[in-house]
1. Using 0.36 nm times the number of residues separating Ser139 and Glu120, minus their current alpha carbon distance, what extension gain do you get?
2. I need the GluC sites (Glu not before Pro) found in the range 32-99, filtered to DSSP loop residues with at most 10 other beta carbons within 10 Å of theirs.
3. Within 11 Å, Cβ to Cβ, of Gly119, how many net charges do the neighbouring residues add up to if Lys/Arg are +1 and Asp/Glu are -1?
4. Taking the Cβ of Gly80 as the center, what net charge do the other residues with Cβ under 14 Å away carry, scoring Lys and Arg +1 and Asp and Glu -1?
Amino acid sequence: MIILRIILDLRIAAWLVRSLSWLSKPARTWFRDAPPDVSGDWEQVWDSSSTGFSKDTDRHSNAKIYQFWRYCYAEFTAKGTRYCLFGHIRENFLFGEWYPKKQEIGYFGAFKLRILADGEMTGVWLGHSQKTVAINSDSWNWKKTQ
């Protein structure tokens, strides 16, 4: 258990969550803990006042969330760039970081989403680019499709 916890806290945690997500349901009984189940297919859209993402299609896409215990990993596309989301569930909140999958320098940030009972999550994203010193934020909404 301790070794698994250490591995999850390292940068390979996102890969492990995606690979071990099939163990999520048995893990609930092992740890006697039942975080909300957010695994599956989702539709996500985030709002932005940035002129670089002015079209709705730039901020709207589908994502598959992989969940292992309280840890979640997902990938989504925004304006042709593939982004990753890695987060942790605490009570009815999913919070963590998002970042570009293949670019070390790019737009990245944090998020906090409230997990609602009807297959929805709503919250905020916070982002920063290496090109500017500004930190942006706006709403982020998720709806489960399956």
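1. 5.5 nm
2. Passing both the DSSP loop test and the Cβ count: Glu91.
3. That sum, taken over residues with Cβ under 11 Å, equals -3.
4. +4
Since every read-out is calculated from the coordinates, none of them should be taken as a lab result. These numbers come from a predicted model, not from an experiment. Cβ atoms come from the backbone with ideal geometry, glycine included; neighbour counts cover every protein chain shown.
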